[in-house]
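S.K.: Structure provided below as structure tokens; questions to follow.
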2 protein chains.
Amino acid sequence: MNGSQAMVKTLLDGGVDVCFANPGTSEMHFVAALDQATRMRCVLGLFEGVVTGAADGYYRMASKPAATLLHLGPGLGNGLANLHNAKRARSGIVNIIGQHALDHLHNDAPLNSDVEAVARPMSHWVKTTVSATQAAADTAEAISQANSQPGRIASLVLPANCAWEDADPGKYTFEPACVAAAPLAETVDKIAQLLSDPEQAKQTVLLIGGAGMMEKSTWLAGQIAAKTGCKLFAEPRSMRLERGRGRVNIRPLPFPVDGAVKALQGTRNLVLIGATDPVAFFAYPDKPRRVAPTDCKITHLATPVHDVFATLEALCDAVGAASQTPAQLATDLALPSFVDGKPDASNIGMVIAGALPEHAILVDEAVTSGRQLADSIPYAPPHDCIDITGGAIGFALPAAVGAAVAAPDRRVVALVGDGAAMYTVQALWTMAREQLNITVVIFDNRSYRILRGELANMGGPQPGENARRMLDLDAPDLDWVSMAKAQGVPAVKTDTLAGFDQALKKANATPGPSLIALKI
Amino acid sequence: MNGSQAMVKTLLDGGVDVCFANPGTSEMHFVAALDQATRMRCVLGLFEGVVTGAADGYYRMASKPAATLLHLGPGLGNGLANLHNAKRARSGIVNIIGQHALDHLHNDAPLNSDVEAVARPMSHWVKTTVSATQAAADTAEAISQANSQPGRIASLVLPANCAWEDADPGKYTFEPACVAAAPLAETVDKIAQLLSDPEQAKQTVLLIGGAGMMEKSTWLAGQIAAKTGCKLFAEPRSMRLERGRGRVNIRPLPFPVDGAVKALQGTRNLVLIGATDPVAFFAYPDKPRRVAPTDCKITHLATPVHDVFATLEALCDAVGAASQTPAQLATDLALPSFVDGKPDASNIGMVIAGALPEHAILVDEAVTSGRQLADSIPYAPPHDCIDITGGAIGFALPAAVGAAVAAPDRRVVALVGDGAAMYTVQALWTMAREQLNITVVIFDNRSYRILRGELANMGGPQPGENARRMLDLDAPDLDWVSMAKAQGVPAVKTDTLAGFDQALKKANATPGPSLIALKI
């Protein structure tokens, strides 16, 4: 047994049985080891951003890490943007990154680079295996790191000789390297006391982040709100939201600074539960950096690495809300019918909510077109949403791949702007290869619409030639039906609400992937 | 005038008048400044790998740096692989990388990351601007770094507030930060003396790298070889080769280890001129790491940062070859006609050589299909070739964009395997947008053919399900004609040599971009 074989056995022993991969020559022994391990599901991405984004999407739905297989520093570099999103989501991932044989490193062959240095900014844990006999133990350590609660990005650099030299697998435990702590009872009591005063409670916001948007947590938050009268918000971009009819509808803080400031206006007490002090996504010359009122008192009841569910449970008990019917329950709402016409951000949400199958997984990277989607959520059947936590675009298509691999019985609906979709457009091929149950909706607005808005916000004259050429995706228009066809995904285009409704319902009911280009 | 405006003025003052860009919100003030600078040519890439690869291709043909505009750590991450190739080519590039405003960094907004850390592995020089008043001076320093001989990757991190706050442009010189030194006369004389002995000369190889494959250098090398009887080789992957009929035909060392070892067999003296001690591209368990014979004496006559032309000139003088007709002149060769049939690596070279317009620019990323291309080069008209120096695939399409922007009057022919083309397939759109004179040839072999070979070389059984699924690009086949159409590039497919010949001649004669998918 060589180092690779010992590693693959260890991955399987540790419950890591999916490997999103884009290997190169230095990983051929690892590929051979994967080849012998028929229990391992290997999913090829034609670009590493697909591989890492898929591992993120997989973790969010499977709640356990997948492995990635990446080729040296440049291959890892290609995967960094989606590792950034995954790190912000606190997803657990085991990256296996090939490196030259240790006795070849000093020769500085053309593909040589400092792989650890490339990994570090987007990883929680980085290690280079120094011998084949150490490879399995290092793999076990990487799995333990990724198994942490919340998850961690573990990047294991594998020199080629450690992959091909002799090794033994060994026996390992895969206990989480870090676990989420419960909150301090004293702080819980203090917040409970605060909330027991109805006047104070009215001016208190619970801001919920991390894994706190899972149904069992939102239920508790809803009970606390019902009992005390406090307000609830979710962090702007959550790693996973269980929402829709029958669930507590907690709106995310708006993405634009002004909207977030307005949402928190009048808040005297901001209680952070798995969330961080909310800040502007970007700084602007004349806008605040932090969005909470300056005189607002902030309590870090649970940081993002605390146990958010346990915190909400403790607070729910402390305020005596355990048998309360939650506030903000989205239930018994009849979906309003829509009037056909030109689709835009204000009306597409209702179509999406109406066409969503029960327990679908919505992957949301509709940066501008999806902003008003929250209005429609209470009308949608219960579903999950996974969001672009780190703001690095090129997330939705790869994450949809991973989510569909993790949850093959559920329909995945990826909402993505044309600009973002182009970043990792190679994911379409993997959807076709694996026949994943994914509906891709491209909001075809032929521009980086968000940047158009940002430039307009700066004031000044209308954009000239140079700005237009950097912000518009027209001349030529992208032909999304051909783009999908090129990669084996059936596709249609439409520019009416009724056409969108019909196409979406059809796609959601058809096994395998489909793409809908919605011109807006 | 704000920091961005001062920077853009400084770029133009420093001769940097092309900006390959993919901006985000934090770069909007820079975009506005570019918008006012009509002399700056802004070229949008729909993915950052396109942006950095284009800057590399641009430098190789323009011999001066372009700027890139990238969005924070993830945007830079997306561009790392092609920066790796550019660093290995010693191309000069000025990267402008947006960062959050300095007073927003500590808030750790979702897109925050350590931008300098991401930049460092693939840059020669990294700096963060700390105030708007410093922005122009830092830009000038970055240009000086990029202007070094050979070029350097200069990465300037621009916090948003330094882009929008008040500044003055200032006056700067843009002298190269580092210049290439001439060789030591003593070492030149020693090599000349060695070469004066015909027996020794016969067993001597001059290995030429860096900028040494430009016509004026290869001419000198040919003169030295004619006079002394020494052998000539080029480094396996050069930043730019001027070659074809009427030029000295110096073959690159073969890429596979065995071929390289064989090529250098019997060499007693290896003289490195702008090259490094040749090593295997990858390590293998039972193959050598260095490819020169172990008893071969190696002289570093000129390192890659020395002046290669001056070195060859001095050596040519020292051996008294200044009026010699060069050896290995590719001249008066009639192109053999080809027999129609199934195209493969052995016969496509003749078609390419025959269809190449004079002074074309060949961008070569045909990793397996292009291996025997060197056989056909002496028959081709004079042309330039730019090669994937760092081995990070996804190079050819972006580099073709940059080369075509640098040399609008010359035809660019990009040769690329289907696997590599998918990495940065978004470059097709920029070709269409800018109506660049590029012919893209996709070698459509539906696999990572090189990896298939590497796996087979390891011995062992035929690949099983997992290996096949990681190395083959079939199921579904990529439809390259649709892929091109999707991005506005006219395309045809063919699977015969005659069809390829006809399509290539037509594409090369048609203004704007075309794509040919050659099934092999």
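The values are calculated or read from the model by the stated rules, or taken from the named source; none is laboratory data. None of these values were measured; they are calculated from a predicted model. Note that we place each Cβ from the backbone using ideal geometry, even for glycine, and neighbour counts take in every protein chain shown. In case anyone asks, the SASA skips ligands and DNA or RNA and just uses the protein heavy atoms, side chains included. Shrake-Rupley method; radii C 1.70, N 1.55, O 1.52, S 1.80 Å.
S.K.: Which of the residues that make up the stretch B:76-87 are surrounded by 24 or more Cβ atoms within 10 Å (Cβ to Cβ) and basic (Lys, Arg)?
M.R.: Selection gives nothing.
S.K.: Hey, could you check the stretch A:101-112 for residues that are open to solvent by 10 Å² or more (accessible area, probe 1.4 Å) and part of a loop (DSSP other than H, G, I, E, B) and say which is farthest from the other protein chains (Cβ to nearest Cβ)?
M.R.: A:ASN112
S.K.: Just to be sure I understand, how many residues within the stretch B:62-88 are within 10 Å of chain A (Cβ to nearest Cβ) and in contact with a helix residue (DSSP H, G or I) (Cβ under 8 Å, 6 or more places away or on another chain)?
M.R.: The number of residues fulfilling the criteria is 17.
S.K.: Here is a further query. Limited to the stretch A:367-392, what total is found for residues that are within 17 Å of the chain's Cα centre (by Cα), modelled with pLDDT of 90 or more and more than 14 Å from chain B (Cβ to nearest Cβ)?
M.R.: 4
S.K.: Moving on to the next point. Looking at the structure I just gave you, is B:ALA192 among the aliphatic types (A, V, I, L, M), in a helix (DSSP H, G or I), over 28 Å from B:LYS87 (Cβ atoms) and not assigned by TED's automatic domain parsing to the domain that holds B:ARG60?
M.R.: In short, yes.
S.K.: OK, next. What residue, among those in the stretch B:455-472 that are among the charged types (D, E, K, R) and open to solvent by 40 Å² or more (accessible area, probe 1.4 Å), is farthest from the chain's Cα centre (by Cα)?
M.R.: Among those that are among the charged types (D, E, K, R) and open to solvent by 40 Å² or more (accessible area, probe 1.4 Å), it is B:GLU465.
S.K.: Kindly indicate whether A:LEU76 is over 18 Å from the mean Cα position of the chain (by Cα) and in the same structural domain as A:THR139 (by TED's automatic domain parsing).
M.R.: Here the answer is yes, as A:LEU76 does meet what is asked.
S.K.: Quick check, is B:GLY98 more than 8 Å from chain A (Cβ to nearest Cβ), open to solvent by less than 20 Å² (accessible area, probe 1.4 Å), within 12 Å of the chain's Cα centre (by Cα) and closer than 24 Å to B:PRO398 by Cβ?
M.R.: When the stated conditions are applied, B:GLY98 does not pass them.
S.K.: Can you tell me how many residues within the stretch A:323-342 are among the small types (Gly, Ala, Ser) and over 31 Å from the mean Cα position of the chain (by Cα)?
M.R.: Result for the stretch A:323-342: 2.
S.K.: State whether the residues of the stretch A:175-187 include one that is without any contact (Cβ under 8 Å) to a residue 60 or more places away in the chain and among the acidic types (Asp, Glu).
M.R.: Checked the stretch A:175-187: at least one residue is without any contact (Cβ under 8 Å) to a residue 60 or more places away in the chain and among the acidic types (Asp, Glu).
S.K.: I've got another one for you. Within the set of pairs 6+ apart or on separate chains, which have a first residue in the stretch B:130-154 that is in a helix (DSSP H, G or I), a second that is of a type in the set (Lys, Arg), and C-beta atoms under 8 Å apart?
M.R.: Close Cβ pairs (under 8 Å, with a partner that is of a type in the set (Lys, Arg)) amount to B:ALA136/B:LYS9; B:ASP138/B:LYS127; B:GLU141/B:LYS127; B:ALA142/B:LYS127; B:GLN145/B:ARG152; B:ALA146/B:ARG152.
S.K.: Check the stretch A:68-75 and report whether any residue there is closer than 15 Å to B:ASN82 by Cβ and open to solvent by 10 Å² or more (accessible area, probe 1.4 Å).
M.R.: Yes, some residue in the stretch A:68-75 is closer than 15 Å to B:ASN82 by Cβ and open to solvent by 10 Å² or more (accessible area, probe 1.4 Å).
S.K.: Filter the stretch B:215-268 for residues that are modelled with pLDDT of 95 or more and hydroxyl-bearing (Ser, Thr, Tyr) and give the result.
M.R.: Answer for the stretch B:215-268, where residues must be modelled with pLDDT of 95 or more and hydroxyl-bearing (Ser, Thr, Tyr): B:SER217, B:THR218, B:THR228, B:THR267.
S.K.: Also: Could you tell me whether any residue of the stretch B:343-350 is over 22 Å from the mean Cα position of the chain (by Cα), over 20 Å from B:VAL440 (Cα atoms) and assigned to a loop (DSSP other than H, G, I, E, B)?
M.R.: Checking the stretch B:343-350: not a single residue is over 22 Å from the mean Cα position of the chain (by Cα), over 20 Å from B:VAL440 (Cα atoms) and assigned to a loop (DSSP other than H, G, I, E, B).
S.K.: Right, something else. Check the stretch B:5-24 and report whether any residue there is over 24 Å from the mean Cα position of the chain (by Cα), of a type in the set (Lys, Arg) and either in a helix (DSSP H, G or I) or within 7 Å of chain A (Cβ to nearest Cβ) (or both).
M.R.: Looking for residues that are over 24 Å from the mean Cα position of the chain (by Cα), of a type in the set (Lys, Arg) and either in a helix (DSSP H, G or I) or within 7 Å of chain A (Cβ to nearest Cβ) (or both), one finds at least one in the stretch B:5-24, hence yes.
S.K.: Let me ask something else. Take the residues in the stretch A:25-51 that are under 24 Å from the mean Cα position of the chain (by Cα) and among the β-branched types (Val, Ile, Thr), then tell me which one is nearest to the other protein chains (Cβ to nearest Cβ).
M.R.: So the residue we want is A:VAL43.
S.K.: May I ask you to list the residues in the stretch A:17-49 that are out of contact with any Leu (no Cβ under 9 Å at 6 or more places or on another chain) and either open to solvent by 10 Å² or more (accessible area, probe 1.4 Å) or within 30 Å of B:GLY75 (Cβ to Cβ) (or both)?
M.R.: Residues satisfying the conditions are A:VAL18, A:HIS29, A:GLN36, A:THR38, A:ARG41, A:VAL43, A:GLY45, A:PHE47.
S.K.: Quick one: B:ILE361 ticks every box in (1) in contact with a strand residue (DSSP E or B) (Cβ under 9 Å, 6 or more places away or on another chain); (2) open to solvent by 10 Å² or more (accessible area, probe 1.4 Å) bar one, so which box is it?
M.R.: The failed condition is (2).
S.K.: Mind telling me which of the residues B:THR311, B:THR299, B:THR276 ends up being part of a loop (DSSP other than H, G, I, E, B), touching a residue at least 40 places away in the same chain (Cβ under 8 Å) and over 30 Å from A:ASP166 (Cα atoms)?
M.R.: Of B:THR311, B:THR299, B:THR276, the one residue that is part of a loop (DSSP other than H, G, I, E, B), touching a residue at least 40 places away in the same chain (Cβ under 8 Å) and over 30 Å from A:ASP166 (Cα atoms) is B:THR276.
S.K.: Kindly establish whether A:ALA392 is touching a residue at least 60 places away in the same chain (Cβ under 8 Å), open to solvent by less than 20 Å² (accessible area, probe 1.4 Å), over 30 Å from A:GLY419 (Cα atoms) and part of a loop (DSSP other than H, G, I, E, B).
M.R.: Considered against the rule, which asks whether it is touching a residue at least 60 places away in the same chain (Cβ under 8 Å), open to solvent by less than 20 Å² (accessible area, probe 1.4 Å), over 30 Å from A:GLY419 (Cα atoms) and part of a loop (DSSP other than H, G, I, E, B), A:ALA392 comes out as no.
S.K.: Could I ask something else about it? Write out, first by first residue and then by second, each pair whose Cβ atoms fall under 9 Å of each other, whose residues are 6+ apart or on separate chains, and whose first residue, in the stretch A:442-460, is within 19 Å of A:ASP495 (Cα to Cα) and β-branched (Val, Ile, Thr) while the second is assigned to a loop (DSSP other than H, G, I, E, B) and open to solvent by less than 20 Å² (accessible area, probe 1.4 Å).
M.R.: The qualifying pairs are A:ILE442/A:LEU478.
S.K.: Regarding A:ARG290, is this residue of a type in the set (Lys, Arg) and under 19 Å from the mean Cα position of the chain (by Cα)?
M.R.: no
S.K.: In addition: Of all residues in the stretch A:473-511, how many are open to solvent by less than 20 Å² (accessible area, probe 1.4 Å), facing chain B (nearest Cβ under 9 Å) and at pLDDT 95 or above?
M.R.: Count: 8.
S.K.: Hey, can you tell me all the residues within the stretch A:196-239 that are in a loop (DSSP other than H, G, I, E, B) and open to solvent by 20 Å² or more (accessible area, probe 1.4 Å)?
M.R.: Passing the criteria: A:SER196, A:ASP197, A:GLN203, A:MET214, A:GLY229, A:GLU235, A:PRO236, A:ARG237, A:MET239.
S.K.: Okay, next question. With (1) in a helix (DSSP H, G or I); (2) open to solvent by 10 Å² or more (accessible area, probe 1.4 Å); (3) facing another protein chain (nearest Cβ under 8 Å) as the list, and B:TYR59 as the residue in question, which single condition is left unmet?
M.R.: Going through the list (1) in a helix (DSSP H, G or I); (2) open to solvent by 10 Å² or more (accessible area, probe 1.4 Å); (3) facing another protein chain (nearest Cβ under 8 Å), B:TYR59 breaks only (3).
S.K.: Considering (1) closer than 26 Å to B:GLU199 by Cα; (2) at pLDDT below 95; (3) not β-branched (Val, Ile, Thr), say which one B:PRO304 fails and leave the rest.
M.R.: (1)
S.K.: Please pick out the residue among B:ASP317, B:ASP286, B:ASP307, B:ASP277 that is more than 13 Å from chain A (Cβ to nearest Cβ), over 13 Å from B:ILE191 (Cα atoms) and among the acidic types (Asp, Glu).
M.R.: Exactly one residue qualifies, and that residue is B:ASP307.
S.K.: Of everything in the stretch A:155-186 that's under 23 Å from A:HIS29 (Cβ atoms) and part of a loop (DSSP other than H, G, I, E, B), which residue is most open to solvent (accessible area, probe 1.4 Å)?
M.R.: Among residues in the stretch A:155-186 that are under 23 Å from A:HIS29 (Cβ atoms) and part of a loop (DSSP other than H, G, I, E, B), the one most open to solvent (accessible area, probe 1.4 Å) is A:LYS171.
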